[in-house]
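Worksheet: one structure, shown below.
The values are calculated or read from the model by the stated rules, or taken from the named source; none is laboratory data. In this text the structure is predicted, and so the values were computed from the model without any measurement. A quick note on method: Cβ atoms are made from the backbone with ideal geometry, for glycine too, and the neighbour counts reach across all protein chains shown. Surface accessibility is based on the protein's heavy atoms, side chains included, excluding ligands, DNA and RNA. Shrake-Rupley method; radii C 1.70, N 1.55, O 1.52, S 1.80 Å.
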Amino acid sequence: MTACDDFRLDDGCEWEELHPARLLGMMASTRLGRTVTLYDEIDSTNRAAAEAAAGGAPEGAVFIARRQYAGRGRKGRDWVATEDGSLVFSIILRPSRSPESLTTLLALAVARTVDRISPELETSIKWPNDIFIDGKKAAGILAESKGNDVIVGTGIDINETIDDFPEWLREIAVSLRIVSGMRFDRGKILAGIIAELEDLYSRWEREGLSVLKFDVERKLLWKGMEASIDTGAGIFSGVITGITSEGYLRMISAGGEEIFQTGDVAAKAGG
């Protein structure tokens, strides 16, 4: 098998990785990813997807950017993305259930795809919306609801080198290329993520998140370890035990079990 035949990419592969026609030809999904829009440059794919959804764009429509210059994470944080290294996309969903679990579904889809690409890597989900690879952040997810439309977007560091990251990020962020030493085809990775998401999304609509809890908890960063969570109303500490069937975080502290709907989780210093 040559590099052009799998997820890897080298100088012998002379294709446009993210061309919509190519992506549509690779999509194994039937419900999601059947409409693809590519931007050379845009402020936010989530914003573009939200505007398209309000205008009647179909569920499953995907919006990709070669360069995104105003991407956002949770709480309005900036997301640093490079034109040739990152995979940045958003998708329109119109779920039949309450949408709280959708960031978890996309996180699991990304983790499963990375596992398929490089089984030797350690992928984990940092609740509620980050993907870590070998202990460093490689992706972030943001979901935004407007009426019946839910826009779920992600930025994934694929082909960045260490020099592509600002100095302050180099100790906490990583790309697939950095940990594996190889470049990857972002188009094939996107098609893989959409296929995984379609399967998870269909199961979740039929049965809820409870059928996927084991898979999520197996990937949950710091599960069984002491951690803290900043909810904005205070900082709480305890041992992460898993998630609820709604996707909320479960922790055990001296006062018993506590459930958190949102917050920033950090490992206990020295843990």
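Listed values, structure above:
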{"quantity": "Low-density loop positions, GluC sites (Glu not before Pro), the stretch 87-141 - DSSP coil, at most 14 other Cβ in 10 Å", "calculated": "Glu120, Glu122"}
{"quantity": "Trypsin sites (Lys or Arg not before Pro) within the stretch 181-271, DSSP loop, no more than 16 other Cβ atoms inside 10 Å", "calculated": "Lys268"}
{"quantity": "Solvent exposure ordering (accessible area, 1.4 Å, most first) of Leu38, Leu176", "calculated": "Leu38, Leu176"}
{"quantity": "Efficiency of FRET from Cβ geometry, Glu257 and Glu41, R₀ 45 Å, rounded to 0.05", "calculated": "0.45"}
{"quantity": "Kirkwood Rh, Cα atoms: Rg over Rh of the stretch 175-251", "calculated": "1.09"}
{"quantity": "Restricting the stretch 82-134 to trypsin sites (Lys or Arg not before Pro) in coil, as DSSP defines it, with at most 16 other Cβ within 10 Å", "calculated": "Arg97"}
{"quantity": "Segment Arg218-Thr161, extension gain: residue separation times 0.36 nm, minus the distance between their alpha carbons", "calculated": "17.6 nm"}
{"quantity": "For peptides 50-58, 137-145, 150-158, sequence by mean Cβ density within 10 Å, most packed first", "calculated": "150-158, 137-145, 50-58"}
{"quantity": "Sum of -39500 (n - 2.57) over DSSP H runs of 4+, divided by residues of the chain (222 nm, nearest 500)", "calculated": "-7500 deg cm²/dmol"}
{"quantity": "Normalised per residue, the volume of the convex hull around the Cα set of the stretch 92-214 (Å³)", "calculated": "108"}
{"quantity": "Helix 186-207 vs. the chain, principal-axis angle (Cα, 0 to 90°, nearest 10)", "calculated": "50"}
{"quantity": "Environment charge at Gly234 (Cβ cut-off 14 Å; Lys +1, Arg +1, Asp -1, Glu -1)", "calculated": "-3"}
{"quantity": "Accessible-area composition of the chain, carbon plus sulfur, in percent [1.4 Å probe]", "calculated": "48"}
{"quantity": "Descending principal axes extents, the stretch 96-137, alpha-carbon based, whole Å", "calculated": "36, 18, 8"}
{"quantity": "On Cα atoms only, tilt of 102-117 relative to the major axis of the chain in degrees", "calculated": "60"}
{"quantity": "Convex hull projection area averaged over all views, the chain, Cα basis, nm²", "calculated": "14.7"}
{"quantity": "Accessible area expressed per residue, the chain, with surrounding protein chains retained (probe 1.4 Å, Å²)", "calculated": "45"}
{"quantity": "Positive-end extreme of charge dipole, the chain - chosen from Ser96, Phe236, Ser145 (charges on Cβ)", "calculated": "Ser96"}
{"quantity": "Cα-centre dipole for the chain with unit charges at Cβ (Lys and Arg positive, Asp and Glu negative), debye to 20", "calculated": "740"}
